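Encoded as structure tokens, the structure appears first; notes follow it.
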Amino acid sequence: MQSAHQRSVVLIRHGESEWNSENRFTGWTDVGLTDRGVAEAREAALRLRRSGYAFDVAHTSVLKRAVKTTWIILEELDLCWIPVHTTWRLNERHYGALQGFNKAEMAREVGAEQVFAWRRSYGVRPPPLAADDPRHPGHDPRYQHLSAGELPATESLADTTARVLPYWREHIVPDIRAGQCVLVVAHANSLRALVKVLDGIPDDEISGLYIPTAIPLVYRFDASMHAVGREYLATREELERAMQRVKALFEREG
């Protein structure tokens, strides 16, 4: 498809999930979208339609909150027929033994400073899952093709970056270089990992980067794959409200 937005990639965090709403550590737990999350996905599609986006290919994780956000967007844009590639490499950061626990309760138990380090720092990993824990990805058939070394029991943002970047370089970049308009629907931390690299954010400043749900973030590239433009498809006021909301949700454990 010849798009007016060739050599562009649009990054979208999935709509609100059930555990976002319940303030739980989610990670690789496969929870669905809330009604609000579905509405956010439709609103994302509306923003894309208004800006004239027509995608050639989409990439998403294997977690249904991202997959369903992708489906909703493509259906709203009448693009259900384009290729959609799913990969574990775009999954949310694995929160290890924290997965399923309420963030506010965990902050009261171990302290808000420790929870902040687990959630926002670049190199700190949460406590790992034991191999026999039912939550461990080794028990999930969707990951049966992965080696023991690839299956995380916990991850820092640095670990997440290390697994996301090979997929970016080997699959998404070739699509962009070929002149396609690419949709990537993923998660707060897999997108933080990409944005950190694309924007050159230092490790010690990454804690200040927030990704709002379902507001498209566009990067445009030249033929040499140098980024020549970056924008959210939202007004300044809309973006400020979205950022305030995501920060307020983050601060619920404080």
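One table, with the values for the structure above:
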quantity	calculated
Residues with amide H under 5 Å from that of SER17, placed H, sequence gap 5 or more	THR34
Volume per residue that the Cα convex hull of the chain spans, once the total is divided by residue count, Å³	122
Charge dipole magnitude, Cβ of K and R +1, D and E -1 - region 72-148, Cα centre, debye nearest 20	360
Other-chain or far-sequence residues with amide H under 5 Å of PHE101's (modelled H)	PHE25
Fraction of accessible area attributable to carbon and sulfur, region 120-221 (%, probe 1.4 Å)	52
Centroid-to-centroid separation of region 157-175 and region 28-46 [C-alpha atoms, Å]	24
Added length on full extension, which subtracts the Cα-Cα distance from 0.36 nm per residue, SER207 to ASN23	64.4 nm
Rounded to 5, percent antiparallel among DSSP beta bridges of the chain	45
Separation of alpha-carbon centers, region 202-232 and region 49-94, rounded to whole Å	18
Karplus 3J(HN,Hα) series, Hz, for region 5-10 with 6.51 cos²θ - 1.76 cosθ + 1.60 (x for Gly, Pro)	10, 5, 6, 10, 10, 10
Cubic angstrom per residue, convex hull over Cα atoms of region 2-62	90
With all protein chains modelled, accessible area of MET106 [1.4 Å, Å²]	20
Residue of TYR53, TYR122, TYR143 that the Gaussian network model of the chain assigns the largest fluctuation, springs spanning Cα pairs under 10 Å	TYR143
Surface accessible to a 1.4 Å probe, per residue, for the residues of the chain, Å²	45
Longest site-free stretch - the chain; sites: GluC sites (Glu not before Pro), DSSP loop, at most 15 other Cβ within 10 Å	23-149
Region 1-133: relative contact order in percent, alpha carbon pairs under 8 Å with at least 6 residues between	27
Interchain or long-range residues, amide H under 5 Å from GLU155's placed H	HIS94, GLY96
Interatomic Cα distance distribution for region 163-254, bins of 10 angstrom, percent	13, 45, 33, 9, 1
Where N is the number of residues in region 21-147, Cα Rg divided by 2.2 N^0.38 Å	1.24
Net +/- balance of residues flanking LEU79 in space, Cβ distance below 12 Å, scoring K and R +1, D and E -1	-3
Residue among VAL173, VAL38, VAL67 with the largest mean-square fluctuation in a Gaussian network model of the chain, springs linking Cα atoms under 10 Å	VAL173
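The values are calculated or read from the model by the stated rules, or taken from the named source; none is laboratory data. All of these numbers come straight from a predicted model, not from anything done at the bench. Please note: Cβ atoms are built from the backbone with ideal geometry, for glycine as well, and neighbour counts cover all protein chains shown. Remember, those area values only see protein heavy atoms, side chains included, never the ligands or the DNA or RNA. Shrake-Rupley method; radii C 1.70, N 1.55, O 1.52, S 1.80 Å.
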